[in-house]
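The next block holds one structure in the form of structure tokens; read it before the comments.
The values are calculated or read from the model by the stated rules, or taken from the named source; none is laboratory data. Being a predicted model, the structure only gives us computed values, none of them experimental. For neighbour counting, all protein chains shown are included, and Cβ atoms are generated from backbone atoms with ideal geometry for every residue, glycine included.
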Amino acid sequence: MSEEFGFFLLLLSNGVLIGLMYSLIALGFVLVYKATDAVNFAQGEFVMIAGLVVALAISAAGAPLWVAVMLGLASMIVFGFALERVVLRKLIGRPIIAVVMATIGLASILRGVGPTFFGAGTKPLPLPISDEPFVIGPLFIPPIQLLGASVSIFFILAFGWFFLWSRKGIAMRAVADNQQVAMAMGINVERYFGLAWAMTGVVSALGGIIWGNLLGVDVNLSLVGFKVFPVVILGGLDSIPGAVVGGLIVGVVENIVAGYVDPYVGGGTKDFAPYVLMILALMVRPYGIFGKRIIERV
Amino acid sequence: MFHRESGVLKTTYEADMALYPLPIARWTVGALAVVFFGVLPLTLDQYYLSLANLVWISVIGALGLNILVGYTGQVSIGHGAFMSVGAYTAANLAIRLGSPWPVNLLAGGLMAALVGAVVGIPSVRIKGLYLAIATLAGQLIIEWTINHVTFISGGVQASIDVPRPRLGSYVLSSQRQMYFFLLVFVVLAIVGTLNLIRSRVGRAFIAIRDQDIAAEIIGIDIFRYKLLAFAISSFYAGVTGVLYTYYLGIANYEQFQIGVSIDYLAMIIIGGLGSVLGSVLGAIFVTLLPIGIRYAMEAFGGLFFAPQTVLNLIPNLRLMMFGALIIFFLIVEPEGLNRLWRNIRNYFRIWPFAY
């Protein structure tokens, strides 16, 4: 195997693992859009807050890891329900700009809350796994990325099962499909909206733990949220398989582009290439690869 | 002379569309002109004038964004980048060709309009959330391009020093001179927007906002008008960028990052979507909010916190207040400050003889 090809494989494997970790966060985005037609521009901030809660529970309160994780999950679930009840329920039926701006406002609040109540410094989020990468031929695979990818795959399968076969999942699909008909069938639409936000909270909490371990926890952790947009647009805003495929595409593309182009232009292509790809994809398939095509009537 | 009408008594379309529906409107405009051109610049000191100048710059940008978001119903999270396009176009022209500011201003606006129209092309096929994210992509791509292409950004730190604008041999440099300079453009922007909305183009925009498929069926060329909305709106943004550059004396991409796009969206949400007065009020409100918070914290923050904590708290408090206000207005008063003002006015219209 030539050196050149080994480098390519390294970038590719890295891209796949990172891409799956993007999928985990994108999943939170898709869940909310699928069920409530709301788009969450604060997804990155959700991840940040969850990471802060867990990191602070470990470092300041000295809680064991599993307690901290449970605390993170519980607080994000409560946060998800509360958010739906207090803010988003009031915005049902309003123009898209209203929901977009509400979540942008929420993102702003969370960015202020993070440093104010949790401290401004970067906090470590230690997990009991080694830092030594697995070396397989030319590949270096950090265990945290492997863990992240596995958690991601597990949750994607779990949510896939949930939507296809569980009673609540079917009800949620009905709500997503047509709110009024779902109501007429006796489904408590608002409860499912709350449930969707709580599920997003769960996914964000896990994303916060994994990404927090990888990057350290501070306000900048929320920048992960910017990676989510190309992922969900490429895959389609309302598709779980789309989140996976989009995540893989974005992860692979940004790693390969960064590996080959960065030396020539002085860096930063990683954040930029997925968006170019996204624009091109939008021109060809306006609803993403798996997105539901909306047929409009006057 | 100071009366208001007691009902809708218009019998012609001309009367309905008039800029001055009543004599009192002329008086109000006259009084405002006296205050803003005469009283304020002569009484305010340097610091308050500098605040006023920042407000004027934001007013122009907010008007432009409101044309797109409020009147045409197309969301854009890329206006900060369009401003940077205007800013760097003007700065490069000023440095490389030494061209005078009117040329740079126009060129900056037109270049931003062009870029804005290109970013708006996806709006023909996609709408709503997908469009919002596409414009976000536009913002990030433009930001990256300016930062990495040294031909545009001038290399080190991506900032370019710009000479002060001059009228003949008269150099505009003090805050007071800039105040008048900027205020002229604010007046042009307000009158321009008011007239645009009354025109055929403006009505087409509103039709597209209300129901774009229906608009297409009654014969409005959606492609053309959506791109036109993006172009006009970005022209305003470009002009804002150029003016800001001349005001600061330096073009720097950090002044036009995504936070700026969001600030302008907040201005029109808080002020009121689809309203000229709302854009102005929102721009004033959002620009002065951080300054108000700083004053309040410096005055009262010491009572609760240590001095060092207060300093750390101010930027975070600004973020929280900003977000909370956006959500507050969205839930409680979706039509913004403009609506609040109308409610107050309507209350006093029949005061003290309410039914």
(message) Condition first: part of a helix (DSSP H, G or I), surrounded by fewer than 24 Cβ atoms within 10 Å (Cβ to Cβ) and in contact (Cβ under 8 Å) with a residue 60 or more places away in the chain. Now tell me which residues in segment B:72-103 satisfy that.
(response) B:N92, B:I95, B:W101
(message) Condition first: touching a Leu at 6+ places or on another chain (Cβ under 8 Å), among the β-branched types (V, I, T) and buried (at least 20 other Cβ atoms within 10 Å of the Cβ). Can you find one or more residues in segment B:240-247 that meet it?
(response) yes
(message) Return the residues of segment B:282-299 that are among the hydrophobic types (A, V, I, L, M, F, W, C) and crowded, with 23+ Cβ neighbours inside 10 Å; say none if nothing qualifies.
(response) B:A283, B:V286
(request) Output the number of the condition that A:K168 fails; it satisfies all remaining conditions of (1) assigned to a helix (DSSP H, G or I); (2) buried (at least 19 other Cβ atoms within 10 Å of the Cβ). (result) (2)
(request) Would you mind finding the one in A:W161, A:W211 that is among the aromatic types (F, W, Y), within 23 Å of A:G246 (Cα to Cα) and crowded, with 20+ Cβ neighbours inside 10 Å? (result) A:W211
(request) With the condition kept exactly as written, say whether any residue in segment A:264-280 is more than 18 Å from B:L140 (Cα to Cα), in contact with a Phe, Trp or Tyr (Cβ under 7 Å, 6 or more places away or on another chain) and either at pLDDT below 80 or within 9 Å of chain B (Cβ to nearest Cβ) (or both). (result) no
(message) Given the criteria closer than 19 Å to A:A198 by Cβ, in contact with a helix residue (DSSP H, G or I) (Cβ under 9 Å, 6 or more places away or on another chain), within 14 Å of chain B (Cβ to nearest Cβ) and without any contact (Cβ under 8 Å) to a residue 40 or more places away in the chain, does A:A102 qualify?
(response) yes
(request) Kindly indicate the residue of segment A:74-99 that is within 20 Å of A:I209 (Cβ to Cβ) and surrounded by fewer than 22 Cβ atoms within 10 Å (Cβ to Cβ) and also nearest to the other protein chains (Cβ to nearest Cβ) among those meeting that condition. (result) A:F79
(request) Given the conditions (1) under 30 Å from A:V67 (Cβ atoms); (2) touching a residue at least 24 places away in the same chain (Cβ under 8 Å), report the number of the one that A:L215 does not fulfil. (result) (2)
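Based on what the data block shows, is A:L223 within 26 Å of A:S108 (Cα to Cα), part of a loop (DSSP other than H, G, I, E, B) and within 13 Å of the chain's Cα centre (by Cα)?
no
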(request) Return only the number of the condition from (1) buried (at least 24 other Cβ atoms within 10 Å of the Cβ); (2) of a type outside the set (S, T, Y); (3) under 16 Å from A:G225 (Cβ atoms) that A:A35 does not satisfy. (result) (3)
(request) Determine, yes or no, whether A:L52 is closer than 30 Å to A:A258 by Cα, buried (at least 24 other Cβ atoms within 10 Å of the Cβ) and over 15 Å from the mean Cα position of the chain (by Cα). (result) yes
(request) Within segment A:274-290, identify whether any single residue is assigned to a helix (DSSP H, G or I), surrounded by 18 or more Cβ atoms within 10 Å (Cβ to Cβ) and touching a residue at least 60 places away in the same chain (Cβ under 8 Å), and answer yes or no. (result) no
(message) For segment B:242-355, give me every one of the helices (runs of 4 or more DSSP H) that falls completely inside it and has 1 or more residues that are in contact with a Pro (Cβ under 7 Å, 6 or more places away or on another chain).
(response) B:307-332
(request) Confirm whether B:G271 is modelled with pLDDT of 90 or more, farther than 26 Å from B:V118 by Cβ and surrounded by 24 or more Cβ atoms within 10 Å (Cβ to Cβ). (result) yes
(message) Just checking, does segment B:151-167 include any residue being closer than 21 Å to B:F37 by Cβ and buried (at least 16 other Cβ atoms within 10 Å of the Cβ)?
(response) yes
(request) Would you check which residues across segment A:105-126 are away from every other protein chain (no Cβ under 12 Å) and not polar (S, T, N, Q) and list them? (result) A:K123, A:P124, A:L125, A:P126
(message) Going residue by residue through segment A:132-153, is there one that turns out to be aromatic (F, W, Y) and either surrounded by 24 or more Cβ atoms within 10 Å (Cβ to Cβ) or not in a helix (DSSP H, G or I) (or both)?
(response) yes
(message) Here is a list: B:A107, B:A132, B:A113. Which entry is touching a helix residue (DSSP H, G or I) at 6+ places or on another chain (Cβ under 7 Å), farther than 28 Å from B:G278 by Cβ and either more than 10 Å from every other protein chain (Cβ to nearest Cβ) or not β-branched (V, I, T) (or both)?
(response) B:A107
